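Asks: Dropping a structure here in structure tokens format, bear with me for questions.
The values are calculated or read from the model by the stated rules, or taken from the named source; none is laboratory data. Here the structure is a predicted model, which is why all the values come from computation and not from measurement. In this analysis, Cβ positions are derived from the backbone assuming ideal geometry, glycine residues included, and neighbour counts consider all displayed protein chains. Note: accessible area is taken over every heavy atom of the protein model, side chains too, but ligands, DNA and RNA are not part of it. Shrake-Rupley method; radii C 1.70, N 1.55, O 1.52, S 1.80 Å.
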Amino acid sequence: MTTENRKPRTENPEPGTRNRLFHIITFGCKVNQCDTAGMTRELTGLGWRAAAPGADPDLVIVNSCTVTKRADQQARQAIRRLAREHPETPIWVTGCYGQRAPAEVAALPGVQAVFGNQEKADLAHLLRDFPGHLVVDPDSPSPLMGEGGGGGGNPPPPSLLPPGEGEEVISEKGSLHLEKLGPGLWVEDFAAAPPFQPWEVHPTPDHTRAWLKIQEGCNHRCRYCIVPQVRGPRRSLKPAAVLTAFQDLAGLGYQEVVLTGVDLGQYGLDHAPPVSLAALVRRLADQAWPFRVRLSSLEPMMVTPELIDELAAWGDFCPHFHLPLQSGAAPVLAAMGRPYGPEEFRDLVREISRRFPGAGLGLDVLVGFPGETAADFEATRSLVAELPVTYLHVFPYSPRPGTPAADLPPLPGNLVQARARIMRELGQAQKEKFLEAQLGQVREVLVEGPAEPEGWLQGLSDHYLRVTFPGPPALHNRRVMVRFTARQDEVLVGEAVGEP
């Protein structure tokens, strides 16, 4: 989201793109959502416009996830539905499912092109000759090349290569391998560590919160996880560029910035010399900002005492943590390749609760890992039940092709689903307990817009709860102190008592 490692980009629409309509569907994590925001910016800078509901777009992009088998299934269902609803519209697929299985995705109805996670930053170049064919003739300048194709002027329209052919072209990143799986496949592997590719900071109408991706990739090797294969090794934005992005976001009027990454806790470890997320927080906290700051998911082993100290001293920090527990049983954690035990996790949560009283706490739990016994599952259930959990994300284990755990004998599917149901019920009970504990409390709420009935507002608390209260429209995009007086299902009802 900054200019670091970015190619120059004109705001003038390319010939033939003016007034074209696009629609992007996003699955998965906040990093994917950041990527969608960046691609949207690229498209609008080229003169494209987001299609209104009910309009027929000229292009549909599906930004996919592949963290579970269900994520793949959801993407396939969406693509088939889009192909039925817009039979004349080309569908382009990107994201982690497209990165992992491009040929499989390309075979789905309506799919004209598949491009990988690294190619998202080259979207403007991939589209330059739209709606022409997608793989260039080896004797023609590549549409993936820089302005003018390296030889002045726009490159001629590409021609179609026979199915099964592929080639190598040149982009700003150097040699870009197009998999030899047929036309329209742009998926580069991670054999060489790529640079971090930031997105440009930009205003988003009606949005009060901004996501800033400062880290990408993962160097951990959990035995069930496909993420390192589809996101590549760890890499991150330089601290000075993060500071510049903060200054840009401050000028755009946002009231909350969410720092995101595939493994945010690994921020800066790829730099020479290495830096840390704690050091970045310390640098950011040296200045006063007109917005509050939230962190996305953090691996437990990356939440160091130094990071906790820096966050506790930062007045702009939202006291909300999301931690992947995965299991509360030591044998299962060891089999997963997770480098901590249940006691270490319990101690970490206790320290967070001590340093950040009333903090929001979300956990990821993976149930049904191969070899998980009834005693192992009970250990997980018991640990979660004793922790001050705000919400749970529960994932039934599903094997990911290419991961070490994929070859292990699976547990019966009905058993896995039953355990997932028990854990979700526990998560709901924990959430309701946390909501009830908020009554009478006063917390900061960012007002995001109007609510029903007329004259009411809705927003998000600093500890990540949905809130509604009566107030004037002038409070939109402002932070308000709200006393919670009741709850309606999972939404707190309150009254404004002032501004922070």
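Asks: Are there any pairs, at least 6 apart or on different chains, whose C-beta atoms fall under 7 Å, with the first in segment 390-413 and within 30 Å of A359 (Cα to Cα) and the second open to solvent by less than 50 Å² (accessible area, probe 1.4 Å) and of a type in the set (S, T, Y), and if so, which?
Replies: Correct list of pairs: F395/T68; Y397/Y224.
Asks: Do you know which of the residues in segment 383-428 that are farther than 17 Å from L333 by Cβ and of a type in the set (S, T, Y) is surrounded by the fewest Cβ atoms within 10 Å (Cβ to Cβ)?
Replies: The selected residue is Y391.
Asks: Take V447 and tell me if it is over 29 Å from E351 (Cα atoms), in contact (Cβ under 8 Å) with a residue 40 or more places away in the chain, touching a His at 6+ places or on another chain (Cβ under 9 Å) and not small (G, A, S).
Replies: yes
Asks: Pull up segment 321-343, narrow it to residues that are assigned to a helix (DSSP H, G or I) and of a type in the set (A, V, I, L, M, F, W, C), then point me to the one that is nearest to the chain's Cα centre (by Cα).
Replies: For segment 321-343, the residue satisfying everything is M336.
Asks: Given the condition under 23 Å from the mean Cα position of the chain (by Cα), surrounded by fewer than 20 Cβ atoms within 10 Å (Cβ to Cβ) and free of Cβ contacts under 8 Å to residues at least 40 places away in the same chain, answer yes or no: does some residue in segment 253-263 qualify?
Replies: Scanning segment 253-263, I find no residue that is under 23 Å from the mean Cα position of the chain (by Cα), surrounded by fewer than 20 Cβ atoms within 10 Å (Cβ to Cβ) and free of Cβ contacts under 8 Å to residues at least 40 places away in the same chain, so the answer is no.
Asks: Sort out which residues of segment 294-313 are of a type outside the set (S, T, N, Q), crowded, with 16+ Cβ neighbours inside 10 Å and assigned to a loop (DSSP other than H, G, I, E, B), and write them in order of number.
Replies: Within segment 294-313, L298, E299, V303 meet the criteria.
Asks: Let me ask something additional. Can you tell me which residue within segment 437-464, out of those that are of a type in the set (D, E) and farther than 14 Å from D206 by Cα, is surrounded by the most Cβ atoms within 10 Å (Cβ to Cβ)?
Replies: D462
Asks: Take segment 89-124 and flag every residue that is over 16 Å from L59 (Cα atoms), charged (D, E, K, R) and touching a helix residue (DSSP H, G or I) at 6+ places or on another chain (Cβ under 6 Å).
Replies: Residue satisfying the conditions is R100 alone.
Asks: Taking A272, is it open to solvent by 20 Å² or more (accessible area, probe 1.4 Å), without any contact (Cβ under 8 Å) to a residue 12 or more places away in the chain and assigned to a loop (DSSP other than H, G, I, E, B)?
Replies: Answer is yes for this residue.
Asks: I've got another one for you. If I ask for residues that are more than 11 Å from V445 (Cβ to Cβ) and open to solvent by 50 Å² or more (accessible area, probe 1.4 Å), which ones from segment 465-484 would you list?
Replies: Residues satisfying the conditions are P470, P472, P473, A474, H476.
Asks: Determine which single condition Q430 fails, assuming it passes every other condition in (1) within 30 Å of S398 (Cα to Cα); (2) modelled with pLDDT under 95.
Replies: So the condition that Q430 fails would be (2).
Asks: Looking at T2, T89, which one is at pLDDT 90 or above and not charged (D, E, K, R)?
Replies: Exactly one of T2, T89 is at pLDDT 90 or above and not charged (D, E, K, R), namely T89.
Asks: When you scan segment 42-57, how many residues do you find that are open to solvent by 20 Å² or more (accessible area, probe 1.4 Å), within 24 Å of the chain's Cα centre (by Cα) and of a type in the set (D, E, K, R)?
Replies: Residues in segment 42-57 being open to solvent by 20 Å² or more (accessible area, probe 1.4 Å), within 24 Å of the chain's Cα centre (by Cα) and of a type in the set (D, E, K, R): 1 in total.
Asks: Determine which single condition D72 fails, assuming it passes every other condition in (1) among the acidic types (D, E); (2) under 19 Å from P401 (Cβ atoms); (3) surrounded by fewer than 14 Cβ atoms within 10 Å (Cβ to Cβ).
Replies: D72 satisfies every listed condition except (3).
Asks: Of the conditions (1) part of a loop (DSSP other than H, G, I, E, B); (2) surrounded by fewer than 18 Cβ atoms within 10 Å (Cβ to Cβ); (3) among the hydroxyl-bearing types (S, T, Y), S353 satisfies every one except a single condition; which number is it?
Replies: Going through (1) part of a loop (DSSP other than H, G, I, E, B); (2) surrounded by fewer than 18 Cβ atoms within 10 Å (Cβ to Cβ); (3) among the hydroxyl-bearing types (S, T, Y) one by one, S353 breaks only (1).
Asks: Sticking with this structure for a sec: How about segment 420-438: which of its residues are over 26 Å from the mean Cα position of the chain (by Cα) and among the basic types (K, R)?
Replies: K433
Asks: Being open to solvent by 70 Å² or more (accessible area, probe 1.4 Å), assigned to a helix (DSSP H, G or I) and either of a type in the set (A, V, I, L, M) or under 30 Å from P396 (Cα atoms) (or both), is that true of even one residue in segment 485-492?
Replies: no
Asks: Now, a different point. Filter segment 325-344 for residues that are under 13 Å from M302 (Cβ atoms) and buried (at least 21 other Cβ atoms within 10 Å of the Cβ) and give the result.
Replies: R338
Asks: With segment 130-239 as the region, which strands (runs of 3 or more DSSP E) entirely inside it contain at least 3 residues that are in contact with a strand residue (DSSP E or B) (Cβ under 7 Å, 6 or more places away or on another chain), at pLDDT 85 or above and open to solvent by less than 70 Å² (accessible area, probe 1.4 Å)?
Replies: Because the criterion is at least 3 residues that are in contact with a strand residue (DSSP E or B) (Cβ under 7 Å, 6 or more places away or on another chain), at pLDDT 85 or above and open to solvent by less than 70 Å² (accessible area, probe 1.4 Å), the strands (runs of 3 or more DSSP E) in segment 130-239 that meet it are 209-216.
Asks: Only one of G371, G358 is open to solvent by 20 Å² or more (accessible area, probe 1.4 Å), part of a loop (DSSP other than H, G, I, E, B), over 18 Å from A406 (Cα atoms) and in contact (Cβ under 8 Å) with a residue 24 or more places away in the chain; which?
Replies: When all the criteria are applied, what remains is G358.
Asks: Continuing with the same structure: Could you list, in sequence order, all residues of segment 279-293 that are without any contact (Cβ under 8 Å) to a residue 40 or more places away in the chain and either surrounded by 18 or more Cβ atoms within 10 Å (Cβ to Cβ) or not in a loop (DSSP other than H, G, I, E, B) (or both)?
Replies: Residues satisfying the conditions are V281, R282, A285, V293.
Asks: Which count do you get for residues in segment 63-121 that are part of a loop (DSSP other than H, G, I, E, B), over 15 Å from I25 (Cα atoms) and hydrophobic (A, V, I, L, M, F, W, C)?
Replies: Number of matching residues: 4.
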